[in-house]
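Readers should treat all values here as calculations from the given coordinates under stated rules, not as data from a laboratory. Keep in mind the model is a prediction, meaning the values are calculated, not measured. Cβ sites come from the backbone with ideal geometry, for glycine too, and all protein chains shown count toward neighbours.
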Amino acid sequence: MRPPPAFPGMRIGLFGGSFDPFHEGHRLVAMEALKRLRLDTVWILVTPGNPLKDRSGLPPLAQRMADAHRVIDHPRIRVTGFEAARGFTYSYETVAWLRRRYPGVDFVWIMGGDSLRSFHRWQRWRDMARLVPIAVHARPGSVRIAPRSRAAQWLDDVRIPEDEAATLAGSTPPAWTYLTGVVSGQSSTAIRARRLALGGSSD
Ligand SMILES: Nc1ncnc2c1ncn2[C@@H]1O[C@H](COP(=O)(O)OP(=O)(O)OP(=O)(O)O)[C@@H](O)[C@H]1O
Ligand SMILES: O=C(O)c1ccc[n+]([C@@H]2O[C@H](COP(=O)([O-])O)[C@@H](O)[C@H]2O)c1
């Protein structure tokens with residue numbers, strides 16, 4: 001599996017996740033990023049497995065990709081699982097490889113506020129932030145805490161105001177912005193719990 005096509009000058013959002021399953025909150029984040037960061041496209045990177053989470057019980061990649069397609073069927077959103085095919089475990093590897101493979105493309109990494117809170121535990125997180133601008137979408141439960149997290153403090157000097165979010169793609173990293181406004185309380189954990197309670201399978 002190859003990444004979707006990309007050409008110099010394109011502005012591409014990279015939205016990585018376990019997506020077990022993909023939900024309306026993910027859809028909101030991707031659509032808002034497309035609009036507010038003025039991106040040409042958003043790639044939904046369905047991960048083979050978050051290195052900080054227990055992966056046992058994670059449904060197959062193909063199933064999670066199909067779920068994502070069902071929820072977000074949009075001409076400018078691409079669902080891809082190329083990290084698994086390339087054997088990437090860490091997002092730093094993904095971004096470093098994409099930067100090498102697609103010079104001239106303006107990539108932006110997209111994450112929810114809860115991910116920013118644990119970003120300082122990601123492999124080579126500072127190097128990753130030096131490679132790609134980051135857009136963080138506020139998430140209920142961490143709206144206030146996320147911008148005070150360890151990584152956010154390290155990035156404090158390079159925060160771009162939300163009303164200038166359209167300048168993020170193409171900015172020299174490290175650079176980030178925090179998108180507030182419309183938020184979603186949806187979570188995959190809650191969906192899995194509901195399915196279990198209804199007697200269905202959790203995968
Ligand atoms: N409701 C939401 N609002 C903003 N960001 C979100 C939301 N749900 C998930 N995200 C972000 O989407 C990315 C992928 O999240 P993930 O697939 O882990 O979903 P999740 O709902 O957080 O799942 P789980 O409950 O299993 O942890 C992460 O960057 C996460 O922060
Ligand atoms: O690179 C890392 O160390 C790292 C640690 C935790 C999470 N990530 C990535 O963060 C994204 C969100 O993961 P998740 O499980 O919260 O949906 C996904 O692309 C993961 O591969 C990456």
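Around the Cα centre of region 11-197, unit charges on the Cβ atoms of Lys, Arg, Asp and Glu (plus for the first two, minus for the last two) sum to a dipole of about 340 debye.
The 3J(HN,Hα) values that the Karplus relation (6.51, -1.76, 1.60; θ = phi - 60°) gives for region 25-40 are, in residue order, x, 4, 4, 4, 4, 5, 5, 5, 5, 3, 6, 7, 8, 6, 8, 7 Hz. Gly and Pro appear as x.
Rounded to the nearest 500 deg cm²/dmol, what is the calculated helix-only ellipticity per residue at 222 nm for the chain, with -39500 (n - 2.57) per DSSP H run of length n ≥ 4?
Taken over the chain, the calculation gives -9000 deg cm²/dmol.
Taking a ≥ b ≥ c as the square roots of the eigenvalues of the alpha-carbon gyration tensor, region 11-197 is classed rounded because a/c is under 1.5. Distant-in-sequence amide contacts of LEU179, defined by a placed amide H-H separation under 5 Å and a gap of 5 or more residues or a different chain, comprise VAL136, HIS137, ALA138.
Counted by Cβ distance under 13 Å from THR189, the other residues give a net charge of +2, where Lys and Arg count +1 and Asp and Glu count -1. Residues ARG126, ARG2, ARG139, ARG64, ranked from the fewest to the most other C-beta atoms within 10 Å, line up as ARG2, ARG126, ARG139, ARG64. With neighbours defined as other Cβ atoms within 10 Å of a residue's Cβ, the residues THR47, THR167 order from fewest to most as THR167, THR47. The residues ILE191, ILE12, ILE134, when put in order of fewest to most other Cβ atoms within 10 Å, stand as ILE191, ILE12, ILE134. Close amide H partners of PHE107, meaning residues 5 or more places away or on another chain with modelled amide H under 5 Å apart, are ILE12.
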